[in-house]
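Colleague: First the structure, which I've put down as structure tokens, then a few questions once you've had a look.
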Amino acid sequence: MLVKTKAIVISSLKYQEKSLIVKCLTLSDGLKSYFVPNAFAAKKSNQKIAYFQPLSILEIEANHKNKGALEHFKEIKLAHGYQTISTDIVKSTIVMFLSEIIHHSIHEEEKNENLFNFLESALLWLDAHDEMANFHLILMLEMTKFFGFYPDNSESVFKFFDCKEGNFTAFQGTNCLSEHETFMLKKLIDLKFDSDQKVFAGTERQILLKILLEYYTIHLDGFKKPKSLDVLKEVFS
């Protein structure tokens, strides 16, 4: 079936010498993997390697056979040409890290328009703003809404957060954050992308990142910590 849709590049893997296998989150069909022959060939083509950078937003026309095998692009163009993400080392590191988070979080081929639209809007916000120290933390927390384990905030008066149960509690059990960690998580829950970026110190961001990664590990089978984690820590140190 010939499909025209937007797609966000999640990962690309070199295959043999000249080809790529590209995993995308599509607006029309959810997660899809594509075979791109001769992506590294000298000739110019509409399947330029530059299109397949982490979290690029594309407009594609593709043949979807929906048989569990690799699909094939027919036409590709950028839906949004980023102005700063590709040139700003902090933003490009954030994007590389988040692409790994998404890669290890989404495994089912099912349509999720709300998640796609959220990610597209978030990435365009990142491209347009310079103050983004908390962006990756807010995005990781917000994505848990779509993955089904966003923290239950109905009892937020309590001083401890139970990572396994996903709620706040009056008593500190074995799966609970400390009182200070819980306080920071509550602050993060209240943040928007354009909130004051100085609400956390650098060390607090590192603690929150560790908390979120552990939270993902508890609730997502097979979740792996990103290889780019150390690079991200270095950028924000």
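Colleague: Could you tell me whether any residue of the range 129-137 is at pLDDT 95 or above and loosely packed, with under 14 Cβ neighbours inside 10 Å?
Modeller: no
Colleague: Do any residues in the range 1-18 that are among the charged types (D, E, K, R) have Cβ atoms under 6 Å from those of residues that are assigned to a loop (DSSP other than H, G, I, E, B) and open to solvent by less than 100 Å² (accessible area, probe 1.4 Å), where the two are at least six apart or on different chains, and which pairs are they?
Modeller: Note: pairs meeting the criteria are Lys6/Leu27; Lys6/Ala79; Lys18/Asn38; Lys18/Phe40; Lys18/Ala41.
Colleague: Moving on to the next point. Could you say whether any residue in the range 40-57 is aliphatic (A, V, I, L, M), over 30 Å from Glu234 (Cβ atoms), modelled with pLDDT of 90 or more and in contact with a strand residue (DSSP E or B) (Cβ under 9 Å, 6 or more places away or on another chain)?
Modeller: Scanning the range 40-57 turns up no residue that is aliphatic (A, V, I, L, M), over 30 Å from Glu234 (Cβ atoms), modelled with pLDDT of 90 or more and in contact with a strand residue (DSSP E or B) (Cβ under 9 Å, 6 or more places away or on another chain).
Colleague: When you scan the range 163-183, do you find a residue that is of a type in the set (Asp, Glu), at pLDDT below 95 and exposed (fewer than 15 other Cβ atoms within 10 Å of the Cβ), even just one?
Modeller: No: zero hits.
Colleague: Another one. Just to be sure I understand, how many residues within the range 190-212 are open to solvent by less than 70 Å² (accessible area, probe 1.4 Å) and either touching a residue at least 40 places away in the same chain (Cβ under 8 Å) or on the phi > 0 side of the Ramachandran plot (or both)?
Modeller: Result for the range 190-212: 11.
Colleague: Sort through Leu115, Leu141, Leu98, Leu123 and tell me the only one that's without any contact (Cβ under 8 Å) to a residue 60 or more places away in the chain, open to solvent by less than 20 Å² (accessible area, probe 1.4 Å) and within 26 Å of Lys187 (Cβ to Cβ).
Modeller: Leu98
The values are calculated or read from the model by the stated rules, or taken from the named source; none is laboratory data. Remember, predicted model here, so these are calculated numbers, not experimental data. Note: ideal-geometry Cβ built from the backbone for every residue, glycine included; neighbour counts use all protein chains shown. Just the protein is used for accessible areas: all its heavy atoms, side chains included, with ligands, DNA and RNA removed. Shrake-Rupley method; radii C 1.70, N 1.55, O 1.52, S 1.80 Å.
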